[in-house]
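The values are calculated or read from the model by the stated rules, or taken from the named source; none is laboratory data. Please read all numbers here as calculations on a predicted model, not as lab measurements. Cβ atoms come from the backbone with ideal geometry, glycine included; neighbour counts cover every protein chain shown. Note: accessible area is taken over every heavy atom of the protein model, side chains too, but ligands, DNA and RNA are not part of it. Shrake-Rupley method; radii C 1.70, N 1.55, O 1.52, S 1.80 Å.
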Amino acid sequence: MRLANVIILVSDLDRAERFYRDTLGLKETGRIEGEFVFLDAGGVALAIRATGRAPVPGDGELSFEVPDVLSAYESLRSRVAFSRAPRAVTGSDTRDLYAANFSDPDGHLLSITGWVAKPPR
């Protein structure tokens, strides 16, 4: 068994599609017109689904791992409002996992993460 899709509810499908496609750079892989847009999220499909009501933000969080979290933060910070700059959230003796948090237009919690090597001691 493997996780194939993550589905989030959105209040405005067109606005959410523009955010995930144009702002975050995810590629569309399919759609059910007026109901779903499917996006490639690196091996897992992110399905954004239109709902007739406002979704409840904060029920979950999507974390996008990127090759260089500090560069991704610099690239995105003019397009999204980060609630926190990248900071170490866990790690080992040789590297730390950094994360930076922001929200999509419906208030869903999102983060970018990436491993950062520690300087040699």
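Computed values, structure above
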{"quantity": "Single match in Arg49, Arg95, Arg77 (criterion: open to solvent by 80 Å² or more (accessible area, probe 1.4 Å), among the basic types (Lys, Arg) and over 30 Å from Pro120 (Cα atoms))", "calculated": "Arg49"}
{"quantity": "So Arg49, is it free of Cβ contacts under 8 Å to residues at least 40 places away in the same chain, in contact with a strand residue (DSSP E or B) (Cβ under 6 Å, 6 or more places away or on another chain), of a type in the set (Lys, Arg) and assigned to a strand (DSSP E or B)", "calculated": "no"}
{"quantity": "Every residue from the stretch 1-44 that is of a type in the set (Gly, Ala, Ser) and under 23 Å from Arg79 (Cα atoms)", "calculated": "Ser11, Ala16, Gly25, Ala41, Gly42"}
{"quantity": "Candidate set from the stretch 24-37 (those that are in contact (Cβ under 8 Å) with a residue 12 or more places away in the chain and surrounded by 14 or more Cβ atoms within 10 Å (Cβ to Cβ)); member that is nearest to the chain's Cα centre (by Cα)", "calculated": "Leu24"}
{"quantity": "Test: Gly107 is at positive phi and either charged (D, E, K, R) or touching a residue at least 12 places away in the same chain (Cβ under 8 Å) (or both)", "calculated": "yes"}
{"quantity": "Any pair with Cβ under 8 angstrom, 6 or more apart, that starts in the stretch 53-74 at a residue that is touching a residue at least 12 places away in the same chain (Cβ under 8 Å) and ends at one that is open to solvent by 80 Å² or more (accessible area, probe 1.4 Å) and of a type in the set (Phe, Trp, Tyr)", "calculated": "Val69/Trp115"}
{"quantity": "Any hit, the stretch 107-119, residues being loosely packed, with under 11 Cβ neighbours inside 10 Å and in a strand (DSSP E or B)", "calculated": "yes"}
{"quantity": "Single unsatisfied condition, Glu65 versus (1) at pLDDT 90 or above; (2) open to solvent by less than 80 Å² (accessible area, probe 1.4 Å); (3) out of contact with any helix residue (DSSP H, G or I) (no Cβ under 9 Å at 6 or more places or on another chain); (4) within 30 Å of Trp115 (Cα to Cα)", "calculated": "(2)"}
{"quantity": "Of all residues making up the stretch 64-109, the number that are among the β-branched types (Val, Ile, Thr) and within 30 Å of Asp14 (Cβ to Cβ)", "calculated": "3"}
